[in-house]
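The values are calculated or read from the model by the stated rules, or taken from the named source; none is laboratory data. From a predicted model like this one, the values you see are computed outputs, not experimental measurements. Cβ coordinates were reconstructed from backbone atoms using ideal geometry, including for glycine residues, and neighbour counts include every protein chain displayed.
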Amino acid sequence: MGELLLVNARLCTLKGDGSPRRGDALGDLGVIEQGWILIEDELIKSLGDGSPPEGLEPDMVIDLDGRVILPGFVDCHTHACWAGSRLDEFQKMLEGATYLQLLEEGGGIMSTVRAVREASEEQLATSLSEQFARMATWGSSTIEVKSGYGLTTADELKMLRAIHDASVQTTQLVTGTFLGAHAIDPDIPDFIDRTINETLPAAVEEFPGITCDAYCEQGAWSMEDTTRLFERAVDLGCPLRVHTDQFNELGMTDKAIEMGARSVDHLEATSPAVMKRLGESETMAVLLPASGYCLDDRYAAGRELIEAGAAIALATNLNPGSAPCPSMPMAMSLACRKCGLTPQEAIAASTYNAACVLGLQGQVGSLAPGHRADLVVLDTQDERELAWWVSAQPPPLIIQRGEVVQFLADSSTVEEQGEDPEETGP
């Protein structure tokens, strides 16, 4: 790929020490007011303040005229692998049906489960690749994708294989999560025991060390059954994450903290006392404001979580039912307006802290030598615009794994050095 040099840029490095950012540190973006960054092949080679050192001979130079460079966005919670359509349910919700009512009627997650079971591994991988392309348009360069729409051993493995298949076809960094405890299939005898004793071990055998997730909520998995699943997952060497307190506080957040879960996600119904305990723990809080926007206008209390000391991250929760949102900038805009975050906090929660949720902060989420060359260039000199806009043009320049995947900037900003810049477009 050669070398690419970006100059005259405002760098938000998000440089960290390997630990999640909390409190005042969450708003510190590690800004270099006017700097440069050199990319070699797939990695950041070097970066610095002012003008680049003499003697560099990159294959291409792009003068950004003061524009902001951010690390590529890390979408740490998605259900991007699915089949079928939920448009009929969307119509019913507009007419007054609630998400839990649809779930109780066999809709919601279960309607997507039926479609996924009918789809082939190849069809799922193709659909997921299309989702990755949508997400790339908005700057997502690292994406977590959950299973959970199969619910049988064969179909959960089919989903995890499709996630892997799609991951090798993209410049994005993709990590899969086992979510066999996404719902309860009433038509499968002893479903919970089968998931714990058959499906989870089969997933771990094929994907060692995979993270285990669960949806703990009324109408889904109880705290007791989720705990049983997690005890088995720990024995099998799986990190833990959990959907908790979306509609009802059932006690799973405290249990997840006790069990050392990497994250608790949703938290719309979390009480102040539990927020305090979360802030005193190593477990991270993942906010998913697109769900509140699409469902019931309820949002996690982001400001209160930050003040309690919690390490927070932000994600789209992209899925076909409660959050058809592929845009991290949209999630940031909602987090500022509905969860009380500042633009700087939303950026850190969407990059460095989100990478910490996935255990990938040594590779992505910040701009540092040796990290993957995943960059988002904004068409502004003030990064706060990212959260201020509700819907705007996608970022004009996106680089993933050192490759320019989106180039919408005026070609006059590119200084040709041995290569036609037009050939570097999508």
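Out of GLU33, GLU40, one residue alone is within 20 Å of ARG67 (Cβ to Cβ) and acidic (Asp, Glu). It is GLU33. Listed by first and then second residue, the pairs with beta-carbon distance under 6 Å, at least 6 apart or on different chains, first residue in the range 180-200 and free of Cβ contacts under 8 Å to residues at least 12 places away in the same chain, second surrounded by fewer than 19 Cβ atoms within 10 Å (Cβ to Cβ) and in a loop (DSSP other than H, G, I, E, B), form an empty list. Here ALA392 clears all of (1) more than 13 Å from CYS12 (Cα to Cα); (2) assigned by TED's automatic domain parsing to the domain that holds ILE62; (3) at pLDDT 95 or above; (4) assigned to a loop (DSSP other than H, G, I, E, B) except the condition numbered (3). Scanning the range 48-82 for residues that are of a type in the set (Gly, Ala, Ser) and crowded, with 21+ Cβ neighbours inside 10 Å gives GLY72, ALA80. Got at least one residue in the range 235-246 being out of contact with any helix residue (DSSP H, G or I) (no Cβ under 9 Å at 6 or more places or on another chain) and assigned to a loop (DSSP other than H, G, I, E, B)? No, the conditions are met nowhere in the range 235-246.
The criterion of at least 2 residues that are closer than 26 Å to VAL364 by Cβ and assigned by TED's automatic domain parsing to the domain that holds CYS212 is met, among helices (runs of 4 or more DSSP H) falling completely within the range 61-178, by 121-137, 153-167.
Taking ARG241 as the residue in question, decide whether it is on the phi < 0 side of the Ramachandran plot and surrounded by fewer than 23 Cβ atoms within 10 Å (Cβ to Cβ). Against the criterion (on the phi < 0 side of the Ramachandran plot and surrounded by fewer than 23 Cβ atoms within 10 Å (Cβ to Cβ)), ARG241 does not qualify. Evaluation of ILE184 against the conditions (1) outside any loop (DSSP other than H, G, I, E, B); (2) crowded, with 19+ Cβ neighbours inside 10 Å shows that the sole unmet condition is (1). Here LEU267, LEU314, LEU288, LEU305 are screened, and the one residue that is within 21 Å of the chain's Cα centre (by Cα), of a type in the set (A, V, I, L, M, F, W, C) and on the phi > 0 side of the Ramachandran plot is LEU267.
So, in the range 2-42, how many residues would count as being surrounded by fewer than 19 Cβ atoms within 10 Å (Cβ to Cβ) and assigned to a strand (DSSP E or B)? Residues in the range 2-42 being surrounded by fewer than 19 Cβ atoms within 10 Å (Cβ to Cβ) and assigned to a strand (DSSP E or B): 6 in total. Restricting to the range 366-401, what's the tally of residues that are loosely packed, with under 15 Cβ neighbours inside 10 Å and either hydroxyl-bearing (Ser, Thr, Tyr) or within 19 Å of LEU5 (Cβ to Cβ) (or both)? Qualifying residue count, the range 366-401: 3. Taking VAL405, is it part of a strand (DSSP E or B) and either assigned by TED's automatic domain parsing to the domain that holds GLN169 or modelled with pLDDT under 95 (or both)? Against the criterion (part of a strand (DSSP E or B) and either assigned by TED's automatic domain parsing to the domain that holds GLN169 or modelled with pLDDT under 95 (or both)), VAL405 qualifies.
Which of the residues spanning the range 203-230 are in contact with a Ser or Thr (Cβ under 6 Å, 6 or more places away or on another chain) and either surrounded by fewer than 17 Cβ atoms within 10 Å (Cβ to Cβ) or touching a residue at least 60 places away in the same chain (Cβ under 8 Å) (or both)?
ASP213
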